[in-house]
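This report refers to the structure that appears directly beneath it.
The values are calculated or read from the model by the stated rules, or taken from the named source; none is laboratory data. Since this is a predicted model, take the numbers as computed values, not measurements. Backbone-built Cβ (ideal geometry, glycine too); neighbour counts: all protein chains shown.
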Amino acid sequence: MGKKMIAPKGTRDFLPGSMVIKNRIIKEIEKVYNKYGFNNWDGPAFEYFDTLTVKSGPDIEKEIYYFKDKAGRELALRFELTASISRMIASNPMIKKPVKAYSIGKVWRYEKPQLGRYREFFQADADIFGCSSIAAEVELLQMVRESLDKIGFCDWKIYLNNRKLLNAFVLESGILPEKKAEVFRAMDKIHKIGKEGVKREFLKCGLTEDDFEKLYYLINIEETDNLEMLSEIEKKLKSEEGIEGIKELRDILETWILLEGDDKRISVDFSMVRGLDYYTGPIYEVKIESGPGLGSIASGGRYDGLIEIYGGTPTPAAGISFGIERLIDLVEKDENLRNKFKSSFLDAFIVSYSKDLKKIFELAHKLRKNGVALDFDLLARAPKKQIQIAISKNVPFIIFAGDDEFETGKFNFKNTQTQEQQSMSIDEIISFFDARK
C-alpha cells in the first residue's frame, strides 16, 4: 500500500455529493448579480507579481503565493479578484462605462488556517467601473442585502466607514502623514485587541500615547443613531476631505433608509479600516451578528485610483466580495439552513423491480430527454436498498418501475414529502415536471 496522501494545509476537499451547499450559495449570489445587470468575466489564476502588489499593502504581500516560471518571470497566485479585473479594465479603455462586472472563482492567501479562514477559497466579486457617485455603493449594498436574504441569513449587518474620514482623523490628530499606513493597520485591530492593545501598537511604531488619545477622541462617538453619529463627528472635523467623507456616508445611509425603511441592518464604525491600501472612499464589511466569530462574510469599498495605477485612464470604481467558504461554514452550522440547502437537484429517482436493466435505461433516457433530472441504481440492488439511496439523495419524487409497470405503461409515482402515490404514464410524468418548471 502506498503512502497516504492528504490535501495541502489550509485547503479543503469537497467529495462527490458534498458540493450541494456550496453550489446553491454560488447560484443564489449569481442570480442576484445577474438580476442587477452585472456581466460575468474570467481571467488567469496567476498574475505578474507586480500587478498584485502595486497597491495591496505590506501585510498582503506576505500572504501572496509567489513563484518564478522557467523563464524567470516573477508571478503570483491571485489573492483576490479586484486586481485582475482592474488590470483588464485599464487595458481596455474603449469599453463602454459604467461597467458592471462579476466573477466567482478561487483565490489564494498564505494565512494561518483557522475557523473560517483557508489558504485556498472562493470569492464572489462584483465591481462597478465608471460611476463616481454613491449610486455604485448603494447598488452593491443592495445586492448584499438581497443575496443574504436569498441564502436565508436573518441576522446580518453592514458596517460602514470612509477612508477620507480616516485620512482626516490622522491629519487632525497631528500625526505625521508617513505614519498613516501604520496607524491604519493598528486601528484595524481594535475589535481584536481592544483600546489598550491598539495603544501599544502605536507605541511600537514610534507614536506617542498622546497621538493615540487624540485619534481615539475623534472616533469615539457614543451616539447610537447613524445619522446623529455623523453629525457629531462632523462637529469635530475641520478638513474638507473629512467633511466630504461624512457627506458620502450620509448620502449612502439616507438612500438606504429610503429603500429599506430603517437603518437597522447598517451601522457606521469609525474604527474600521480594511487592510488593502487601494481604498479611497467608502468602505464596508458585512458580518453575521450571531455567527461563531468568523469575521466578515463580505467586504469591499471604493478604489478610484487603481485603474490609473495600472496604466488606464482615471476611472472611478467600487466593489464588494463575498467569502464563499465562510458562508458555507455558517450554513453548515445552522440546522435549518443546512436542511434547506441539501434539497436535491434531481427531480426523481427510479426504483427498479425489474431485472431488465435495458428497460430502466430506456425509461431514464426518455425522461431525461424531456428535461427530467433523475438517477437510478446502476448496481440494480434490492428495491429496499434503492429506496434508501433515493431518500439519502433527498429526491422529491420516486418512480417505481417493475415488469408489470413496463407491461401496462403505468408507473407508481410517489411524493417523498407527502407520501402521496399515484399511477402515471411516462407522458403524464413528463407533463407533471414540465408544469413545475
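Below, the figures for the structure above:
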{"quantity": "Residues of the range 187-233 classified as in a helix (DSSP H, G or I), of a type in the set (Val, Ile, Thr) and farther than 27 Å from Asp263 by Cα, total", "calculated": "2"}
{"quantity": "Checklist (1) in contact (Cβ under 8 Å) with a residue 24 or more places away in the chain; (2) under 24 Å from Pro316 (Cα atoms) applied to Ala135, failing item", "calculated": "(1)"}
{"quantity": "Matching entry among Lys55, Lys70 (being modelled with pLDDT of 90 or more, surrounded by fewer than 20 Cβ atoms within 10 Å (Cβ to Cβ), on the phi < 0 side of the Ramachandran plot and in the same structural domain as Tyr303 (by TED's automatic domain parsing))", "calculated": "Lys70"}
{"quantity": "Close pairs from the range 42-59: first within 15 Å of Glu74 (Cα to Cα), partner modelled with pLDDT under 90, Cβ under 7 Å, at least 6 apart", "calculated": "Thr53/Glu61"}
{"quantity": "Of the criteria (1) buried (at least 19 other Cβ atoms within 10 Å of the Cβ); (2) free of Cβ contacts under 8 Å to residues at least 24 places away in the same chain, which one Phe14 fails", "calculated": "(1)"}
{"quantity": "Boolean, Lys236 is of a type outside the set (Phe, Trp, Tyr), in the same structural domain as Leu166 (by TED's automatic domain parsing) and over 23 Å from the mean Cα position of the chain (by Cα)", "calculated": "yes"}
{"quantity": "Residues satisfying the stated conditions in the range 93-120, i.e. within 27 Å of Tyr65 (Cβ to Cβ) and surrounded by fewer than 18 Cβ atoms within 10 Å (Cβ to Cβ)", "calculated": "Gly105, Lys106, Tyr110, Glu111, Lys112, Pro113, Gln114, Leu115, Arg117, Glu120"}
{"quantity": "Pairs where the first residue, in the range 416-428, is in contact (Cβ under 8 Å) with a residue 40 or more places away in the chain and surrounded by 13 or more Cβ atoms within 10 Å (Cβ to Cβ) and the second is among the charged types (D, E, K, R) and not in a loop (DSSP other than H, G, I, E, B), C-beta under 9 Å, 6+ apart", "calculated": "Ile426/Lys366"}
